[in-house]
Amino acid sequence: LSALICSFLYRYVENLNTTTNPTAAGLSMTLGIVSNIIALIILAKAYARLRKRSKATFLLFASSLVATDLAGHVIPGALVLRLYISGTAGGLCNQSDATCHFLGGSMVFFGLCPLFLGCVMAAERCMGVTRPLLHARMVCTAHTKIVLVMIWLLALSVALLPFFHLGTYIYQFPGTWCFINVLDNTSITDVIFVLLFSGLGLAALAVALACNTISGVTLVIARLRKKKCHRRSAKSHDIEMVAQLVGIMVTSCICWSPLLIFGLMSVIRSYSGSMGDDLETYRTLMVMGVRLATWNQILDPWVYILLRRAVLKKIYRITTGRSDLKGSTFRRWEISSFQNSMKSLVCSCSGLTCTFSFGDSL
């Protein structure tokens, strides 16, 4: 689904885009801002209602990811629109300026942050599913905030490396964005910088893939054991969170892998002097890669918007034409969620009167 969405959106924007027309950039920026604001509102309301520490941690990570994606649309998007409006678009300048340095650093920072956050979220859920006691003892809101600060500082440190003469930011074809120098007159520092950037991004995707695979297999095994031994089923909120993480991972792999891989290929061929007549081809590949990476920040929030029980239940009702979910998978899921979200049960029996108090669930 993510591949189809990315392909459709890319073709649509490609048809609109010219080197002097800011329509595509404005459309992408507006759609990204709206999508992330909607997801942020949903996550903020869920976090305010939630009382489960494990899911509250997940939602705090998710809210931080969406907020980072929102900033990643507003800041670089505004600079790109400024380049269009100022008439810089369409011209390729090898000399970088303050705007180029800031735009290039922003793209590296807002590129690494979502990948790091997706990796940490997958690792946190893997621990929650496979080692719940250890997770309950080690993971708390304070630790989550510390990890978030460390992620942002790590991404910022990488983005600032060119300011210490490790790598350079230059304008990229067609002159509307700035990124690491991977095509023209590359030096060994450019190669090291690209290896660091792409290596960290691909490593984050690989760790997220491994953690999500372990979580998914663990939940499937728990489900099979429940059927075989009549034991309690895996918690529905774990299933929901892992499903959302898989959606994030698939989207990130599809939208970010091309830029990370094309960057590595370009800088290696450029530094070795084997670029030859393929320069225009690699320029086109880099443009395609950065556009797909931009759509990742638009698709991420829709993972949270769509992969929720409330939305899936409505889709199930519409597609099946059933208003009664009794006996269905969604009915069992809802019952399990209701039981697992029980915060307290207080019975004050006076004659035949009892009072029950339950926690909320997303």
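Determine whether the stretch 108-123 contains at least one residue that is not in a helix (DSSP H, G or I) and not acidic (Asp, Glu). Within the stretch 108-123, not a single residue is not in a helix (DSSP H, G or I) and not acidic (Asp, Glu). Figure legend. Inter-residue proximity from the stretch 169-195: first residues closer than 17 Å to residue 288 by Cβ, second residues of a type in the set (Lys, Arg), beta-carbon distance below 8 Å, spacing 6+ or different chains. Indicated pairs: 172/283; 173/283; 183/283. Do we find that residue 98 is among the small types (Gly, Ala, Ser) and either in contact with a Leu (Cβ under 9 Å, 6 or more places away or on another chain) or under 28 Å from residue 31 (Cβ atoms) (or both) in this structure? Considered against the rule, which asks whether it is among the small types (Gly, Ala, Ser) and either in contact with a Leu (Cβ under 9 Å, 6 or more places away or on another chain) or under 28 Å from residue 31 (Cβ atoms) (or both), residue 98 comes out as no. Could you tell me whether the stretch 171-187 includes any residue that is part of a helix (DSSP H, G or I), out of contact with any Gly (no Cβ under 8 Å at 6 or more places or on another chain) and on the phi < 0 side of the Ramachandran plot? No, the stretch 171-187 contains no residue that is part of a helix (DSSP H, G or I), out of contact with any Gly (no Cβ under 8 Å at 6 or more places or on another chain) and on the phi < 0 side of the Ramachandran plot.
Name the helices (runs of 4 or more DSSP H) wholly within the stretch 1-92 that hold at least 3 residues that are aliphatic (A, V, I, L, M), closer than 15 Å to residue 295 by Cβ and at pLDDT below 80? Hits in the stretch 1-92: 2-16.
The values are calculated or read from the model by the stated rules, or taken from the named source; none is laboratory data. This one's a predicted model, so the numbers in the text were calculated from it and none came from an experiment. Heads up, the Cβs are rebuilt from the backbone with ideal geometry, glycines too, and the neighbour counts pull from every protein chain shown.
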